[in-house]
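These notes are about the structure you will find just below.
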Amino acid sequence: MPATSPTSPRTPDAPPVPVFGVNEMRLNARLWIITVGVVLAVWTAVPWVWKKLEPLDAGRDYRIPYALSRDYWLYARRLEQARDPQTVFLVGDSVVWGEYVLPDGTLSHFLDRESGATNRFLNAGVNGMFPLALEGLVDHYGRSIGKRKVLLPCNLLWMTSPKADLSTPKEESFNHSRLVPQFSPRIPCYRAEASERLGAIVERQSGFLQWVGHLENVYFGQKSIPSWTLADDGGDPATYPNLNRCPFGQITLKIPSPFGPDADRGPASGRHHAWNQKSARPVEFEWVQAEASLQWQAFQRTVKTLRGRGADVLVMLGPFNESMLAPDDKAVYLKLHSAIAAWLKSEGIPHIIPEPLPSELYADASHPLTDGYALLAQRLWADTTFQQWWKQ
């Protein structure tokens, strides 16, 4: 028979009342202040402490590993390491990052070689980036660039169609959706739920949530811990290899290196060949004009943001594989090219328009091969505008 409360009289029909039926702990104002203080301290301190525990050896030609392209916390940390005021940041998409080449085959590597310096030109590109996402990357994760020199390529690839421009009304999935403007300006093909959009905005403002994303990207295969635990092996019948694994065992404090063997990149890979090696034909693009392009508008805002922070920005218009254009398409391209150059000139933004590379040095419409990056670096280094910007 359970014990009854001495203060609660029983009736013949009433069930017994347990003495310790309910346990409560009520916090007074002082305890609430202490609790909130502890939570805030942990929220703030953990990402800072983690940087001390987890080494990031960003040596020569370092770039964010392909598998960690969505690890924006790591990107910000990488930029923070570049404390030399002489560092030049190459900010941009996969053309800067080097889609078809190894870390020592990128534009930043060859500019270092031309300058005779080591780590003077920093590869601040991210694979899969585009202007609408780059705007968010610079706004929220690139604040440490500050008053530095920034070489910013303008890749017209993102204006080759409404789909590439993200202005098509048809719903599309795309990379780096958490970086794009979530509500304004409106992106017609982006149909995320309001909760997802709000979550992206909150994450940008919270170092702790960015750090959580870093753990998921590095140690849990870009999954949350519950999703990682319940992930199956793809077999039939499915098995769940992580059900009995301790999540803490995944945290090795070792960030994957970008310098290991890469079957998809470099001269030894099957992808590292000229775009027309396999009888490729010229292409007719559905160009989006500058005044209607969401990507171009985002690029303009990014330039203004960087300059507003005191960065010395040099825009490089290109590279673009003009040999890939169909004859009737080239006039449209040149008109767009001229409109962009005219805007840069009207805004007093230093810019350079390098000569197109030989066709055989492109892997596709905008990505050079290793020798293409080497030649592009040589041409930039020999350009008067580049030298004036470099020396001032």
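What follows is calculated from the coordinates using simple rules that are stated; it is not laboratory data. No experiment lies behind these values; they were computed from the predicted model shown. Because the Cβ atoms are built from the backbone with ideal geometry, glycine has one as well, and the counts that use them run over all protein chains shown.
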### Given charges at Cβ of Lys, Arg, Asp, Glu: the chain dipole, positive-most of 362, 374, 179
179
### Message
For the pairs 52/223; 163/335; 149/330; 163/304, flag any whose C-alpha to C-alpha distance is greater than 30 Å.
### Response
149/330
### Message
For the range 183-222, take every pair of Cα atoms, bin their distances at 5 Å starting from 0, and report each bin as a whole percent.
### Response
6, 21, 20, 21, 18, 12, 3
### Task
Mind telling me which of 119, 244, 127 comes out most flexible in a GNM of the chain, alpha-carbon contacts under 10 Å?
244
### Mean Cβ count within 10 Å, highest first, over the residues of peptides 356-369, 26-39
356-369, 26-39
### Query
Which of the listed residues, 388, 129, 228, is farthest toward the dipole's positive end in the chain, when Lys, Arg count +1 and Asp, Glu count -1 at the beta-carbon?
388
### Summary
Placing one equal point scatterer on each C-alpha of the range 99-154 and summing with Debye, one gets log10 I(q)/I(0) at q = 0.14 Å⁻¹ equal to -0.45
### Summary
Here the gain from full extension of residue 342 to residue 291, 0.36 nm per residue of separation minus their alpha-carbon distance, amounts to 17.1 nm
#### Entry: the chain, dipole about Cα centre (Lys/Arg Cβ +1, Asp/Glu Cβ -1), debye to the nearest 20
1380 debye
### Convex hull projection area averaged over all views, the range 315-365, Cα basis, nm²
3.6 nm²
### Task
Starting from the Cα coordinates of the range 247-327, work out the convex hull volume and express it per residue in Å³.
261 Å³
### Query
When the C-alpha atoms of the range 255-392 are aligned to their principal axes, what extent does each axis show, in angstrom, from largest down?
44, 42, 32
### Task
Calculate I(q)/I(0) for the range 144-239 by the Debye formula, one identical point scatterer on each C-alpha and no solvent, and give its log10 at q = 0.11, 0.12, 0.16, 0.22 Å⁻¹ to two decimals.
-0.54, -0.63, -0.99, -1.16
### Query
How long is the gain from residue 239 to residue 349 if the chain were fully straight, where each residue apart is worth 0.36 nm and the alpha carbon distance is subtracted?
33.9 nm
### Query
Relative to the longest principal Cα axis of the chain, at what angle does helix 131-141 sit, 0 to 90 degrees, rounded to 10?
50 degrees
### Task
Principal axes first, then extents: for the Cα atoms of the chain, list largest minus smallest coordinate on each axis, whole Å, largest first.
99, 47, 42
### Query
What are the extents of the Cα atoms of the range 46-161 along their three principal axes, listed from largest to smallest and rounded to whole Å?
45, 34, 28
### Charge tally in the Cβ shell below 10 Å around residue 118, where Lys, Arg are +1 and Asp, Glu are -1, residue 118 excluded
+1
